[in-house]
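As C-alpha cells, the structure follows; a few thoughts come after it.
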Amino acid sequence: MARPIGIYEKATPKHFSWKERLEFAKDLGFDFVEMSVDESDDRLARLDWTKEERLEIVKAIYETGVRIPSICFSGHRRYPLGSNDPVLEAKSLQTMRQCIELAQDLGVRVIQLAGYDVYYEEKSPKTRERFIKNLRKSCDWAEQAQVILAIEIMDDPFINSIEKYLAVEKEIASPYLFVYPDTGNLSAWHNDLYSEFLLGHQALAALHLKDTYPVTETSKGQFRDVPFGQGCVDWEHVFATLKKTNYQGPFLIEMWSENCPTVEETKAAIQEAQNFLYPLIEKAGLN
C-alpha cells in the first residue's frame, strides 16, 4: 500500500532488541513501528537513555528502513498533568520534557498523549484546570522542539470524543497540538463517527485501528484485546467516512500480542489482523 501502515510496539515480541523489532515489522510489510513509553519502570527508563543508546535506535532505523515516527506516551497515567499532588504534577512535566527531548534525538515527529486530567485520582474542576495549564506549557516546549503533541481519544469520559478534544484545542490554541483518535475508543462511546471525523479531520495527526466492546448501562466496555471484527466498530462505515473526509495520514494497528508464547504466534496474530483490515482499506480506496 502507498499509505503508511505501522504496528504498535506492544504487538511485537517484548524480548526483541529494537533492530530485531524493526526487522520483524519489515518482514510483515509495515512501514513503521510506534514506540511505547508507558507507566512501567522499564519503559519510563527510556526517557533516561544515554546518547549512545539513542544512537543505536537511530542506526537501527537507517539500517532497516523502518521508521519510528511516533511515541505512545502513556506515562502520564502514573504522573498526570492534572494531579492534585504537587510532586506528581512536577514529575508529569519533567517526563513530558524528557519525552520531547527523546523524540528530538530519535527523529520522532508525534508524541501521543493520554487524554486524562488524572487517572488514579478523583477528578474535579481543579484537575482539569491544572491539565490545561500544564498542557499549554508542554505545547510551548513542543513548539520549540518542532515535535507535535497529539491527544488520544480515551477509555475515560474526560476526552472520549474528537468534539471534546476540539474544545481543549481551542482553549490551548497551539499550532503543535493535534488529536490522535482510536477507532475503537471512538466507537465504544457511541459517538457519531461521521460528525466526529468531519469536524476534526483537519486536526488528525494519525489514527489507531482497534476494535472494542461498547460502554453500556451495564458494562464499562472493553478497550483492548478485542479481536478485529468482533467488537462494536463498524469498519466499512469508518473507512468510508475517512475516505469522504480525505484522510491522508497513516494507520497504526494497535494490538497487545507482545507476550505470545512464540514469535510465530505473535506473527500469526498480526497477520490475522492484516488479513481482516487490508481488504476493507482497499475496498474504501484508502490504500
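Build a GNM of the chain with springs between Cα atoms under 10 Å: which of PRO125, PRO69, PRO214 gets the top mean-square fluctuation?
PRO125
Would you tally the net charge around TYR194, using a Cβ to Cβ cut-off of less than 11 Å, leaving TYR194 out, and scoring K and R as +1, D and E as -1?
On the way: positive: LYS244; negative: ASP192, GLU196, ASP234.
Summing Lys/Arg as +1 and Asp/Glu as -1 gives -2.
Taking neighbour Cβ counts within 10 Å as the exposure measure, how do PHE228, PHE131 sort from fewest upward?
Working: PHE228 20, PHE131 25.
Going from least to most buried by this count: PHE228, PHE131.
Compute a Gaussian network model of the chain, connecting alpha carbons closer than 10 Å, and tell me which residue from HIS190, HIS76, HIS15 fluctuates the most.
Highest fluctuation among the options: HIS15.
I'd like the distance between the alpha-carbon centres of region 201-274 and region 1-30, rounded to an integer number of Å.
Rounded to whole Å, the Cα centres lie 16 Å apart.
Counting Lys and Arg as +1 and Asp and Glu as -1, each charge on the Cβ, what is the dipole of region 60-99 about the Cα centre in debye, to the nearest 20? Write out the running numbers ahead of the final one.
Numbers: 5 positive and 3 negative charges, 7 e Å.
My answer is approximately 40 debye.
Aspartates and glutamates near LYS137 by alpha-carbon distance under 16 Å, same-chain residues fewer than 8 away left out - which ones?
Within the straight-line limit of under 16 Å, LYS137 reaches these aspartates and glutamates: GLU89, GLU101, ASP117, GLU129, GLU169, GLU171.
Please work out how much length the chain gains when fully extended from LEU166 to GLU56, using 0.36 nm per residue of separation minus the C-alpha to C-alpha distance, in nm with one decimal. Mind dumping the intermediate values first?
On the way: separation 110, 0.36 × 110 = 39.60 nm, distance 3.78 nm.
Here the answer is 35.8 nm.
Which residues in region 189-233 have a backbone N closer than 13 Å to a point placed 7 Å from the Cα of ASN259 along the Cα-to-Cβ line?
225
Can you list the lysines whose alpha carbon is less than 19 Å from that of LYS220, not counting same-chain residues fewer than 8 positions off?
List returned: LYS123, LYS210.
Spelling out what I want: for every residue of region 119-128, take phi, set θ = phi - 60°, compute 6.51 cos²θ - 1.76 cosθ + 1.60 (Karplus), and round to whole Hz; glycine and proline get x.
10, 9, 10, 6, 7, 7, x, 5, 5, 5
Dipole magnitude of the chain about its Cα centre, charges +1 at Lys/Arg Cβ and -1 at Asp/Glu Cβ only, in debye to the nearest 20? Spell out each step's value before the answer.
Details: 33 positive and 45 negative charges, 127 e Å.
The calculation lands at about 600 debye.
Using modelled amide H (1.01 Å from N, peptide plane; none on Pro or chain starts), what sits under 5 Å from the amide H of GLN222, excluding residues fewer than 5 places away?
TYR213
Going by how many other beta carbons lie within 10 Å of each one, how would you line up CYS72, CYS139, fewest first?
Working: CYS72 25, CYS139 18.
Ranked by crowding around the Cβ, least crowded first: CYS139, CYS72.
Of the options HIS208, TRP189, VAL110, report the single residue whose Cα projects farthest towards the positive end of the charge dipole of the chain (beta-carbon charges: Lys, Arg +1; Asp, Glu -1).
VAL110
Per residue of region 77-84, what does 6.51 cos²θ - 1.76 cosθ + 1.60 with θ = phi - 60° give for ³J(HN,Hα)? Whole Hz please, x for Gly and Pro, Karplus curve as stated.
With coefficients 6.51, -1.76 and 1.60, one gets 5, 7, 10, x, 4, x, 4, 6 Hz.
Laboratory data are not the source of any read-out in this text; all were calculated from the coordinates shown. Just so you know, these numbers come straight off a predicted model, no measurement behind them. Using ideal geometry, Cβ is built from the backbone for each residue, glycine included, and neighbour counts are taken over all protein chains shown.
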